[in-house]
Amino acid sequence: MKYVLMFTRRPDLDATVDPEVGQAVYKKVYEWFQENGDTFTDSGAELLGIETATTVKHGEDGPVVVDGPFNEAKEVVGGFSVIDVADMDAAIALVRTWPQLELPGVAVEIRPMVEDYSQFDE
Amino acid sequence: MSDRAARHSDGLLAHTLREESGVLVARLARQFRDFDLAEEAVQTAVTEALETWRRQGAPDNPAAWLQTAARHNALDLVRRRSRQDALATRVVSEPAAYDGTTATDDRIALLFACCHPALAPEARLALTLRAVVGMTTPQIARAFLVNERTLAQRIVRAKRKIVTAGIALTVPADDVLSERLGDVLAVVSLMYNEGFVSSDGPTQDRDLAGDAVWLAGVVATSLPREAEAWGLAALLTFQHARAAARFSADGALVLLPDQDRSRWDHRAIAAGEAMLERAAELHASGPWQLRAAIAACHATAPSWAETDWLQIVALFEVLAAHDPNPVVRLNRAVALSHLGPEHVARALDDVDALAVRLDEYHLFHATRAQLLTRLGRDDEAAAANTRALALTGNDAERRLLATRLHRHPLTDGS
């Protein structure tokens, strides 16, 4: 299945992050894209509705999986990727390793992509 | 058909549904590659069975009857989606290939999908009750005292998300298994507490608490290396073993100190102890095993006075390290006060330290009242009692209390 990953962050929390930690995470982000290159596709995407959204958020004791889209008013989408993996559990497993989840205010929303356009031919 | 025959058929149906429906949903979902359709087909078969069996009596082989009806409904649903005629033809002509999974594997995989963290927490239990346990939406709505339409919408949304978001009907990989199992055990525990709270309510046509005990056993036997699964199975087994003594002849709630222990199910208590031993052999302690160990202390004590309070205090102490819920500390303080009169003042200090977090909780004030009475501080005790009563004064608040009971499971053994 194809999923769009939306990487969101809270710019207002940037000041709380030690610059050295930020730098180290940025380096790990670069490596993450290298390591997981196989799962990424380069196409654009149309998303299914927000009721299909799942978000993996920064949590005190490691990433937390929740139902629904990111919804804090101060969150901004920093970028997005399209991945092609077997199922939702595979998408979550990949997202959990996203290095920026170490940082407060970071979340990644997972949305399935519209792949079957026949559902619109009524 | 007489009432008695109808009741008999209901009991048989409930048993059959609980054994068969989860397995049927999982099998049909794989065969038709559509969880939503499979679940709908089984749900319709359940409703048909309720009607037909009440009218005509139960068939000789209820499981086969249900399977045939569900499969028939699934094919019907496929045919109705006319675009997919080709699929219907293919599925009819190809019998499902045997892929090595057993009925238990199928059911546990379905349970993990229904309790997936990507689903809204309030939908997980409702979906589990429908898809895995074979309850109908009206039965679930009655058990939870919620609006049927709201509940139906919640279930539809959750089912759609499983299909559209690609949530697989599989047991999670080893590296996330214990975390995902935590979500499953939370749902099964909630199911028991819902059943416990509503057990004296009207129109109970399913024994929700009994179904939860059964499901906890299914989870533990399916994942025999998971100590916490055995822990929850043991806990619910102990709690359920005391069910017969929990209400007096006139229907009033009887708390643990006053229960007639000869009415407890001592065979079930022995079974619970065996489960707890099994968990201990796995050397992976956790909160469900600790709660079960506390319940075991109560279940095996000859009387309230002869309960091993020292061990209970120690177990609550360890549990508090796992579970930050202030009710755990409240229960620890109560156990401490039973060690002897010299411990009561210390117990009251511990309870008072929880005031900020538990001020709206009626059992906090009721506990304070009891401790103050034992210290001879009668005026303060009376004030605490008034506050406790004010928090439980009418039916709406009773319902609120019921809600809180399920949020804070009954570790005090009532």
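The values are calculated or read from the model by the stated rules, or taken from the named source; none is laboratory data. The shown structure was predicted, so the numbers you read here are calculated from the model rather than taken from an experiment. Neighbour counts are summed over all protein chains in view; Cβ atoms, including those assigned to glycine, are modelled from backbone coordinates with ideal geometry. We work out accessible area using only protein heavy atoms, side chains counted, and drop any ligands, DNA or RNA first. Shrake-Rupley method; radii C 1.70, N 1.55, O 1.52, S 1.80 Å.
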Note on region B:113-123: residues assigned to a helix (DSSP H, G or I) and surrounded by 24 or more Cβ atoms within 10 Å (Cβ to Cβ) are B:ALA113, B:CYS114
- Would you say B:VAL92 is farther than 22 Å from B:ALA14 by Cβ, in a helix (DSSP H, G or I) and modelled with pLDDT under 80? yes
**Prompt:** Looking at this structure, is B:ALA131 assigned by TED's automatic domain parsing to the domain that holds B:ALA165, crowded, with 22+ Cβ neighbours inside 10 Å and under 14 Å from the mean Cα position of the chain (by Cα)?
**Reply:** no
| query | Before we move on, is B:ARG278 among the basic types (Lys, Arg), touching a helix residue (DSSP H, G or I) at 6+ places or on another chain (Cβ under 9 Å) and not in a strand (DSSP E or B)? | reply | yes
Residues of region A:65-105 being surrounded by fewer than 18 Cβ atoms within 10 Å (Cβ to Cβ) and either in a helix (DSSP H, G or I) or at the interface with another protein chain (Cβ under 8 Å from one of its Cβ atoms) (or both), in sequence order, are A:GLY68, A:ALA86, A:ASP87, A:ALA93, A:ARG96, A:PRO99, A:GLU102
Exercise for the section: Determine whether region A:14-35 contains at least one residue that is away from chain B (no Cβ under 14 Å), assigned to a strand (DSSP E or B), within 23 Å of B:GLY166 (Cβ to Cβ) and open to solvent by 60 Å² or more (accessible area, probe 1.4 Å). Expected result: no
(1) more than 25 Å from B:VAL171 (Cβ to Cβ); (2) within 14 Å of another protein chain (Cβ to nearest Cβ); (3) in contact (Cβ under 8 Å) with a residue 12 or more places away in the chain all hold for A:MET1 apart from (1)
Exactly one of B:THR170, B:THR137, B:THR164 is away from chain A (no Cβ under 14 Å) and of a type in the set (S, T, N, Q), and that residue is B:THR137
TODO: For region B:48-59, indicate whether the set of residues that are in contact with a helix residue (DSSP H, G or I) (Cβ under 9 Å, 6 or more places away or on another chain) and at pLDDT 90 or above is non-empty.
DONE: yes
For region B:267-291, pairs from a residue that is closer than 17 Å to B:SER222 by Cα to a residue that is open to solvent by 50 Å² or more (accessible area, probe 1.4 Å), with Cβ under 7 Å and 6 or more apart or across chains, are B:LEU282/B:ARG225
Requiring at least 3 residues that are open to solvent by 10 Å² or more (accessible area, probe 1.4 Å) and more than 27 Å from B:HIS240 (Cα to Cα), the helices (runs of 4 or more DSSP H) wholly within region B:286-377 are B:344-352, B:355-358, B:362-374
Exercise. Look at A:GLY62 and say whether it is part of a loop (DSSP other than H, G, I, E, B) and at pLDDT 85 or above.
Key: yes
Per the filter on region B:138-169, residues without any contact (Cβ under 8 Å) to a residue 24 or more places away in the chain and either part of a helix (DSSP H, G or I) or crowded, with 19+ Cβ neighbours inside 10 Å (or both) are B:PRO138, B:ILE140, B:ALA141, B:GLU148, B:ARG149, B:THR150, B:ALA152, B:GLN153, B:VAL156, B:THR164, B:GLY166
- Message: Regarding region B:206-218, can at least one residue be identified that is outside the structural domain of B:ALA14 (by TED's automatic domain parsing) and in a loop (DSSP other than H, G, I, E, B)?
- Response: yes
